[in-house]
Amino acid sequence: MTHVYRERLLLHVTTDLVILTIRHHTLHVLLVERGTEPFRGRLALPGGFMRGEETVEETAARELGEETRLDADALHLEQLGVYSAPGRDPRDRRVVTCAFLAIAPRLPAPTAGSDARNALLCPVAPLLTDTGALAFDHGQILRDAVERARNALQFTTVATSFCDPEFTISELRGVYETVWDVRLDPPNFHRKVTEADGFLAPTGRRGAAQGGRPATLYRAGPATRLTPPMMRPRARPSC
């Protein structure tokens, strides 16, 4: 007689949020200082366990509201991936997380959630090179999210999600330069984005003058894909 043994797997599901924004021409991510074990006192991505009958999308939206006071419907939010490596969470239970990438043009002063002592916006660049800076496997999740955002800027119109509802071409170029960490030629960039089908829509208004002629204000157009794409430079051009 053949006996089949089945191991009972107790699985817990969480969502983690990589919330990116630009402040002072620098890419930032929202982090929390954990107030409970494991990793008490360490920085981590905001997130939490799925509740009741929630979907992972509903859990992510709830956590986003709790951590930033932002409505998930009012900003860019997309599923990044599932992270399920055994031992990614040191507790005596198997924890799988579904990570989400959120992009916001402006974030209010961050507030800590129920299991966090503090919440703060941190520059992304140092966290990408320090593999042990964040708790759990959140360093890898952050790196994946930043690379997703960098790639998305090439083929989609997501760059406008970093901007206010009305913005100038210069402000949009600043998004690309910050996320890609490059310098772009202003006239060439202006031509590419204004000629891309449905990328931008003029508002008919101009912004406040800053030492020169007031710049034309645009808003996001109806397109979601960039045609033609805006390819990321291979290296930072010299000034």
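Any read-out appearing in this document is the output of simple, stated calculations on the displayed coordinates, not a laboratory observation. These numbers were taken from a predicted model, which means no experiment stands behind them. Positions of Cβ are generated from backbone atoms using ideal geometry, with glycine treated the same way; all protein chains shown enter the neighbour counts.
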Query - Compactness of segment 156-220 as Cα Rg over 2.2 N^0.38 Å, two decimals - result: 1.06
Query - For the chain, the Rg and Dmax computed from alpha carbons only, in angstrom - result: 20.4, 87
Requested in this report: Run through the DSSP bridge list for the chain and note the antiparallel percent, rounded to the nearest 5.
Outcome: 70
Query raised in the report: Rg and Dmax of segment 94-164, using alpha carbons, in Å: what are they?
Result: 13.9, 40
Query raised in the report: With charges only on Cβ, +1 for K and R and -1 for D and E, what is the dipole size of segment 11-149 about its Cα centre, in debye, rounded to 20?
Result: 440
Report summary line: If unit charges are put on Cβ atoms (+1 for Lys and Arg, -1 for Asp and Glu) and the dipole of the chain is taken about its Cα centre, the option from 162, 46, 83 lying farthest towards the positive end turns out to be 162
Report task. Would you mind checking which residues have amide H under 5 Å from residue 76's amide H? H placed 1.01 Å from N; only 5 or more apart, or other chain. Result -> 103
Query raised in the report: Mind checking the dipole of the chain: about its Cα centre, +1 per Lys or Arg Cβ, -1 per Asp or Glu Cβ, Debye to the nearest 20?
Result: 680
**Report entry** ³J(HN,Hα) computed for each position of segment 51-63 - Karplus, 6.51 cos²θ - 1.76 cosθ + 1.60, integer Hz, glycine/proline x
**Finding:** 10, x, 9, 5, 8, 5, 5, 5, 5, 4, 5, 5, 4
Report task. With springs only between Cα atoms under 10 Å apart, run a GNM on the chain and tell me which of 101, 128, 17 wobbles the most. Result -> 128
Report summary line: Once amide hydrogens are built 1.01 Å from N within the peptide plane, the residues lying 5 or more places from residue 27 or on another chain with amide H under 5 Å from its amide H are 124
Report task. Could you pull out the chymotrypsin sites (Phe, Trp or Tyr not before Pro) across segment 1-90 that fall in loop regions by DSSP (anything but H, G, I, E, B) with no more than 12 other Cβ atoms inside 10 Å? Result -> 5
Query raised in the report: When the chain is treated as a GNM, springs tying every alpha-carbon pair under 10 Å, which of 52, 207, 65 comes out with the largest mean-square fluctuation?
Result: 52
